[in-house]
Every structure is written in structure tokens, then in C-alpha cells.
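What follows is a short report on a single structure.
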Amino acid sequence: GIDVTSLRAKTGWITFDPGFANTGACKSSITHIDGERGLLRYRGYPLEQLAERASFVETAMLLMFGELPARDELAEFRGMLRDQELLHEGLLKHLDGFPPLGQPMAILSAMINALGSYYPELLNIRTDAEYRLAAAKIMSKVRTIAAFSFRTADGLPLMYPNPHMDYCRNFLHMMFSVPFRLYEPPAPIVRALSLFFIAHADHGLDTSCATVRMVGSSQANLFASISAAICALWGRLHGGAGVGVMEMLEEVRGGRITTQGLLEEAKAGRRRLMGFGQRVYKCYDPRATLIRKAYENLLSAGMARRDPLFDIALDIEGQAQNDDYFLERRLFPNVNFYSGLLLKAINIPVPMFPVMIAIGNMPGFIAHWHEEWKDTEMKIHRPRQVYTGKNQRDYTPMDKR
Ligand code: ACO
């Protein structure tokens, strides 16, 4: 019965919650996570069902527009994606300006932000039709930008999108086809990529999605808000963790550390066991289960050779699950632990791993930005701080410092 809002306004009380572990910043009807039971649902549908039966575009539409699309709606949106798959020539010059080994996440973030200056009519979205168009532009172009940045970094000629291919196949074509030798990925590879994207499509208010909402709360445009989210995703504790996992597994393979040594270092607080632990899940991350299964499916379908890093990962997981430190803190593999192996099996190079997560996460970013934009109760995000600096002091002249 207490009106907390007015109480706070009158007393100036502040809840100190570093990392916002227990602070609800918005209401959302997009994704439900039960971290105790390891459940993840997009708009009510269990992730496992979508991963098994839906395409990535269907899943994206569910997240962005609220419902699974009917056949004609899906066909129409696929058409919009196809219409939006090319980049403005000016953007290609932008891409050309990056150094050959430019960081793919820096490129992606800059290019998505730059889209805003090419489509000024979408900087202030007012109607559902404008929202759909902006969503199609970002979903479609993010894949072209990602593939082109990889090709440029590798000094390969750009492969333009093929309008006859579906979302995932088209991406693989832009990544791996070369002139006169088109890459025709086997169906299990396309399916594995689709599953990877679906597993990353949304995860509630994780750091990058919270960034979308933080930036969007100032009424910043969709492109700018997503560009900021990509920067947040880049960090090694978030979307960059997959790179850290691969480096860690390589360290063990190269004999620079043993599995036991790795666990001891983590327990002593000298390093983090990459791909382990998660703010919300206090059990096995359901996305990790899916991704590991997808990798094993590729192995059994003969689509990949068993990577020695997989056995190292299994060994790390096995030892950690028998160790009180990890059990007491309820630290289990998270989505990144096996995802690198899956991406490697699809031939995606390690520096592109966070970019792949960003592509997958795009529907969630877009959906959250839109939900916030429509929310009449939403206020500008402005967390408070507890000031620990000096009290007032007088200016010190230069010769007295
Ligand atoms: N290795 C070793 N110890 C860990 C790890 C880890 N990976 N993760 C957490 N811990 C320990 C902490 O040291 C802490 O121990 P303490 O209570 O003795 O101090 C306890 O577990 C709780 O950890 P917090 O840091 O408070 O957990 P938080 O929720 O803040 O962090 C995070 C979550 C950042 C994911 C963390 O588990 C981590 O650093 N993991 C490794 C990086 C990683 O894989 N990130 C990807 C996350 S998934 C995603 O972003 C898509």
C-alpha cells in the first residue's frame, strides 16, 4: 500500500544495486526467463520448440511483431528482407575506409549507426509500417554488412546477396562463395546456423539489450540504439566470451595450462572460466544445451570432424561439475561455452563470433526498442549513484599542486 515513487521523491532514498542485479527497469512481454528452472520462452513459446520447428525469420517476426507469422505475412516480410539486402554504394565506401584487419564489431556498430544517415525518414518512426520497414532494413543489412566486413578483412571480392536464397543460406553464400564457385551449404549446416541465430535472438535485459533501452529511453533512434548495443555486446563478459572460450581451450590444447590448472586459477580469482556462469541462470543454460546438441548433430551427420577442443571442453565441464567451488556458486556452462565449436564447424572465423551473436540478437534489440517506444509509462533511464568523492574544496593554483 505504500506509494514508493512519492516516498522516494520526498525522501531522496536510493536503492544501491551495483550491476542492477535486482532492479526491474521496465515491464516487457517479449521474453520470459526462469533462471531457477532453466526455461527460456519467446512470447510464450519455448526456445526448444522454435529451434526445432521455426526458421530464424519466423522467430524474428514473433519477437519483433508479437505473433508467429501466417504464411502470407512471412512471404511478405521475406520479400522486404530481399528488397533491403543491398547496401547503398556510399556505405560501401564507408566500409572501404576501415583498415584491412579492422575489428568486425567496431565496423558493425559504426555501419549500423551510419544507416541512420541514409534513411533519415526512419529516424523518427511513427507508424507500424515504418517500424516494419526499419526492422526489415536492419535485419537484412546487418547480414550483408557482417559478410562484407569479413570479405574485406580477408581481401576477398565481395559476394553480393542472392535474392533467391533464404536468410541463412544467403549469409553463408556472401561469406564463402567466390566468383565462379558458389558455396552451396548442406542443409544441416544451414539448419545449425539458423539454430544458432534463434538461440541468440533475445535474452531479456542482458547487457546489450539493456543498452538498447538505455539509449532508446532518451528517444534516440533505432539505428543509434542498436549500434550502442553492439558495442555492449562486444565485451568479453558478454558476447565476446565465445572468443575467450576458444582462447582458453587452445591454451589447454597447446599445453600452456592443464584443465585442473585452469580451474584452480578460476577458483583463486585470477581468471574467469570463460563460458561459465550467468547472471540469471542458476542451472544449465538451455541455450548451451541446444547449441551443444546442434554441434553433436553436425558430427553425427558427418558435417564436421570432431574437434579436439570439444573433448577439452567436455573435460572442463566434467571437472567443474564435480568441484564444490562451481557447484556452490551454481556456475554452469552458458550459451558461449559450446557455441564457438558450432561456429568453427560452420567455418566462421573466431573474430567474427561476436558479430554472429549480434546478427542473431537483432530481432530482440529491435523488439525491445519498439516496446519501449510504445510504452506510455516509460521514462528516461537515469540510474543514481552513491557519491564517494571529496567534499567541497577550493581551487588550487598551479604552483601549489
Ligand atoms: N569463473 C570463475 N568464477 C566465477 C565465474 C567464472 N566464469 N563466474 C562467476 N564466478 C564466481 C565469482 O567469482 C563470484 O564468486 P564469489 O561469490 O566467491 O565472489 C560468484 O561466482 C558470482 O559471480 P558474479 O561475478 O557475482 O556473477 P555475475 O552475475 O555478476 O556475472 C558473468 C555473470 C559476468 C557471466 C560471470 O559469470 C562471468 O564472468 N562469466 C565468464 C564470462 C562469460 O562466459 N560471459 C558470458 C555470459 S553469457 C552472455 O553474455 C551471452
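The values are calculated or read from the model by the stated rules, or taken from the named source; none is laboratory data. Predicted, not measured: the structure shown is a model, and the values here were computed from it. Positions of Cβ are generated from backbone atoms using ideal geometry, with glycine treated the same way; all protein chains shown enter the neighbour counts. Only protein heavy atoms, including side chains, enter the accessible area calculation; ligands, DNA and RNA are left aside. Shrake-Rupley method; radii C 1.70, N 1.55, O 1.52, S 1.80 Å.
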Practice problem: Taking all pairs of distinct Cα atoms, average 1/r, flip it, and tell me the Kirkwood hydrodynamic radius of the chain in Å to one decimal place. | Solution: 22.6 Å
Quiz prompt | Karplus-derived 3J(HN,Hα), 6.51/-1.76/1.60, for each residue of the stretch 207-213, Hz, glycine and proline x | solution = 4, 6, 6, 4, 5, 3, 6
Quiz item: Magnitude of the Cβ-charge dipole of the chain, K/R +1 and D/E -1, about the Cα centre, nearest 20 debye?
Solution: 820 debye
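For the stretch 286-357, what mean projected area does the convex hull of the alpha carbons give, in nm²? Walk me through the numbers on the way to the answer.
Numbers: hull surface 20.6 nm².
For the stretch 286-357, averaging the hull's shadow over all directions gives 5.2 nm².
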Quiz item: Which ³J(HN,Hα) values, rounded to whole Hz and listed in residue order, are derived for the stretch 184-197 from phi using the Karplus coefficients 6.51, -1.76 and 1.60 in 6.51 cos²θ - 1.76 cosθ + 1.60 with θ = phi - 60°, glycine and proline given as x?
Solution: 10, x, x, 3, x, 5, 4, 5, 5, 5, 4, 5, 4, 5
Exercise. Would you mind checking which residues have amide H under 5 Å from residue 39's amide H? H placed 1.01 Å from N; only 5 or more apart, or other chain.
Key: 34
Exercise. Evaluate 2.2 N^0.38 Å with N set to the residue count of the stretch 29-133, then give the Cα radius of gyration divided by it.
Key: 1.36
Quiz item: Put a dot 7 Å past each Cα toward the Cβ at residue 181 and residue 16; how far apart are the dots in nm?
Solution: 6.2 nm
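Would you please calculate the Kirkwood hydrodynamic radius of the stretch 253-325 over all C-alpha pairs and express it in Å, rounded to one decimal? Write out the running numbers ahead of the final one.
Values: mean 1/r = 0.0720 Å⁻¹.
That comes to 13.9 Å for the stretch 253-325.
What whole-number value in Å² describes the accessible area per residue of the stretch 214-324 for a 1.4 Å probe?
Working: 5040 Å² over 111 residues.
Heavy-atom accessible area per residue stands at 45 Å².
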Practice problem: Provide the convex hull volume over Cα atoms per residue for the stretch 252-401, in Å³. | Solution: 263 Å³
Practice problem: With viscosity set to 1.567 mPa s and temperature to 4 °C, compute the Stokes-Einstein D of the stretch 158-301, Rh being the Kirkwood radius across alpha carbon pairs; µm²/s, no decimals. | Solution: 71 µm²/s
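How many percent of the accessible area of the chain is carbon or sulfur, using a 1.4 Å probe?
Values: 10580 of 20230 Å².
So the carbon and sulfur contribution to the accessible surface is 52 percent.
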Quiz item: Taking H as built 1.01 Å from N, whose amide H comes closer than 5 Å to the amide H of residue 177, not counting residues under 5 places away?
Solution: 183
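Which value, in Å to one decimal place, does the Kirkwood hydrodynamic radius take for the stretch 136-213 when every pair of different Cα atoms is included? It would help to have the intermediate numbers written out before the result.
Numbers: mean 1/r = 0.0722 Å⁻¹.
For the stretch 136-213, the Kirkwood estimate is 13.8 Å.
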Quiz prompt | Long-range HN-HN contacts of residue 217 with modeled amide H, under 5 Å | solution = 381
Exercise. Over all alpha-carbon pairs in the stretch 72-166, figure out the percentage whose distance exceeds 22 Å.
Key: 31 percent
Quiz item: Taking the Cα centre of the stretch 258-401 as the origin, how large is its charge dipole in debye, to the nearest 20, when only Lys and Arg (+1) and Asp and Glu (-1) carry charge on their Cβ atoms?
Solution: 580 debye
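Show me 79-92, 108-121, 226-239 ranked by packing, highest mean number of other Cβ atoms within 10 Å first.
Working: 79-92: 16.4, 108-121: 18.3, 226-239: 21.6.
Descending mean neighbour count gives 226-239, 108-121, 79-92.
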Quiz item: Can you give the extra length, in nm with one decimal, that the chain gains between residue 236 and residue 384 once fully stretched, where that is 0.36 nm per residue apart less the Cα-Cα distance?
Solution: 50.7 nm
Quiz item: Is any residue of the stretch 295-320 close enough, with backbone N under 20 Å, to a label point placed 7 angstrom from the Cα of residue 265 along the Cα-Cβ axis, and if so, which?
Solution: 308-320
Quiz item: If you take the charge dipole of the stretch 314-381 about its Cα centre, with +1 on Lys and Arg Cβ and -1 on Asp and Glu Cβ, which of 341, 381, 353 is farthest toward its positive end?
Solution: 353
Quiz item: Volume per residue, Å³, of the convex hull around the alpha-carbon atoms of the stretch 334-391?
Solution: 171 Å³
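Please report, in whole Å³, the volume per residue of the convex hull around the C-alpha atoms of the stretch 259-298. Write out the running numbers ahead of the final one.
Numbers: hull volume 3.5 nm³, N = 40.
Dividing the Cα hull volume of the stretch 259-298 by its residue count gives 88 Å³.
Over the Cα atoms of the stretch 200-258, what is the Rg over Rh ratio if Rh follows Kirkwood? List each step's numbers first, then the result.
On the way: Rg = 15.6 Å, Rh = 12.9 Å.
Here the Rg-to-Rh quotient is 1.21.
What does the highest-first list of 168-180, 346-358 look like by mean Cβ count within 10 Å?
Numbers: 168-180: 18.7, 346-358: 21.5.
In descending order of packing, they fall as 346-358, 168-180.
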